[in-house]
Structures are given as C-alpha cells and as structure tokens.
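Data first, discussion second: the structure below is written as structure tokens.
The values are calculated or read from the model by the stated rules, or taken from the named source; none is laboratory data. In this text, all values refer to a predicted model and were calculated from it rather than measured experimentally. Quick reminder, even Gly has a Cβ in these numbers, built from the backbone with ideal geometry, and neighbours come from all protein chains shown. Surface accessibility is based on the protein's heavy atoms, side chains included, excluding ligands, DNA and RNA. Shrake-Rupley method; radii C 1.70, N 1.55, O 1.52, S 1.80 Å.
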Amino acid sequence: MLSIEPSALTERDAYKFLIGSVVPRPIAFVTTRNGETINAAPFSYFNIVASEPPLLSVSVQRKGGVMKDTARNAVATEELVIHIVDETNVTLVNETAANLGSEESELERTAFTIVPSDVVETPGVKEAKIRMECKLHHHVPIEHDGVVTADLLIARVVRFHIEPALYHAGRIDAEQLAPVSRLAGNFYATLGDTFEIERPK
C-alpha cells in the first residue's frame, strides 16, 4: 500500500489522485447570469448536502486565485440553476467548458434552448431532463496558505423541474434519466448495471 503525504505533492498531482479516486462523480451543469449574459459551465465537484432544506453543493476551483464566472455570478445574484447531465446532453454540455470571457455566453457554442425560470431570474436549459432553480444559501471561500483556491457554493433548491417520464410514484427512474458521471482525464461513465443491498435494521 502506497502511503503519501499530501504536502509532498504538487497541486496537480493531488488533483490527479482525487479525480482518479473519487469516481464516478455526478456532473452539475450550472447556468448563472451576468447582466444580460447567461454563463453556463459543467462542474463535477458536485453533490447533495441536505434534504431539509434541499441543499446542493458545487465547488468552483479558482485559477491563480481568480474567481470563475459561475461563482462570481452566483455570489453577485445569489442564484443559479443546476441541471443534471445525461447521455443526451453531455456532448453539448462539454462545449460549455470552453474558456470564454465573462461577457460571452458559453451557450452560444451549443444548440441548447434557454427557458425562463419560475422563481429565480436566471434562466435554465430546456433540454435537461432535470433542472433545479436555486438560491445561494451559503458561499464558502476555500483558503490555502493565505490564498483562496476555490469557492464552495451551497445552493438551496426553490423549484424542481423534472421530465414527466422520469417520475414514478414520487421517485426518479435512474435508467430513464441516464445520468453521466465524470472520471479522470477526458473519460466519462454511464449508469451501467445497478444492484440492491438492503440496509441493516
């Protein structure tokens, strides 16, 4: 068994260990707004925080200490829309990972259709089978050696939008959703085989 002290690693090496070990990771496709510009980007540092209230986490890594558009917009407007990435939209979502200026909309690189939200002002994307309108619940700057390296966004869901075909007796049909998850490098994974294990009483 290898035993490695994290402080002995470069940031890039630690990153490679993490993204290669914590797999598969769900992908949040996030829209935010900067005035009239709608920014969009995928994030695989994403998960559930709580169900009461319904909270999600998205961690946005900084480059050279500079906040990315998604984090900056979410903090400024206190809202964001989170979409679940699936097999039907992953290729278009990948296009929004391009490095563009803050006044450019990544959605212009895609064929996605923008739809207005019900509760927040930030619009969503019609083609996602699940999208969640969110208010920013908490922003946690992550510091290391006096430098902010990431922005942890805790988002409270204020409206769920779910494709009717996915919804059965109060539950989401994962096979119908066909979610896509992130692996290391340029690799992704689909849902694959599932199995059931009962929890102990």
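Residues checked against (1) part of a helix (DSSP H, G or I); (2) out of contact with any strand residue (DSSP E or B) (no Cβ under 8 Å at 6 or more places or on another chain):
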residue: N99; (1), (2): no, yes
residue: S102; (1), (2): no, no
residue: T122; (1), (2): no, no
residue: K135; (1), (2): no, no
residue: H138; (1), (2): no, no
residue: A150; (1), (2): no, no
residue: L153; (1), (2): no, no
residue: Q176; (1), (2): yes, yes
residue: E198; (1), (2): no, yes
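Yes or no: the range 175-184 includes at least one residue that is of a type in the set (D, E), closer than 24 Å to A50 by Cα, open to solvent by less than 60 Å² (accessible area, probe 1.4 Å) and more than 15 Å from the chain's Cα centre (by Cα).
Let us first name the residues in the range 175-184 that are of a type in the set (D, E), namely 175.
Subset that is closer than 24 Å to A50 by Cα: 175.
Those left that are additionally open to solvent by less than 60 Å² (accessible area, probe 1.4 Å): none.
The answer is no; no qualifying residue exists.
Can you say whether N73 is modelled with pLDDT of 95 or more and not in a strand (DSSP E or B), as far as the supplied structure shows?
Values: modelled with pLDDT of 95 or more: yes; not in a strand (DSSP E or B): yes.
The answer is yes for N73.
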Review point. H139: in contact with a helix residue (DSSP H, G or I) (Cβ under 7 Å, 6 or more places away or on another chain) and either without any contact (Cβ under 8 Å) to a residue 24 or more places away in the chain or of a type outside the set (S, T, Y) (or both), yes or no?
Key: yes
Check your understanding: Can you tell me which residues in the range 157-174 are under 28 Å from R72 (Cβ atoms) and open to solvent by less than 90 Å² (accessible area, probe 1.4 Å)?
Key -> V157, V158, H161
Check your understanding: Considering only residues of the range 1-59 that are touching a strand residue (DSSP E or B) at 6+ places or on another chain (Cβ under 6 Å) and hydroxyl-bearing (S, T, Y), which is farthest from V140 (Cα to Cα)?
Key -> T31
Exercise for review: For the range 107-114, indicate whether the set of residues that are in contact (Cβ under 8 Å) with a residue 12 or more places away in the chain and closer than 22 Å to I172 by Cα is non-empty.
Suggested key: no
Check your understanding: Restricting the first residue to the range 76-93 and requiring it to be in a loop (DSSP other than H, G, I, E, B), which pairs with a second residue that is of a type in the set (K, R) and at pLDDT below 95 meet a Cβ separation below 8 Å and a spacing of at least six or different chains?
Key -> none
Study note, to complete from the structure: Within the range 93-118, residues being closer than 21 Å to V75 by Cβ and exposed (fewer than 12 other Cβ atoms within 10 Å of the Cβ) number 3
Check your understanding: From the set of residues in the range 1-51 that are of a type in the set (K, R) and in a strand (DSSP E or B), which is least open to solvent (accessible area, probe 1.4 Å)?
Key -> R25
Study note, to complete from the structure: Across (1) of a type outside the set (A, V, I, L, M, F, W, C); (2) modelled with pLDDT of 95 or more; (3) surrounded by fewer than 15 Cβ atoms within 10 Å (Cβ to Cβ), G65 clears everything bar (2)
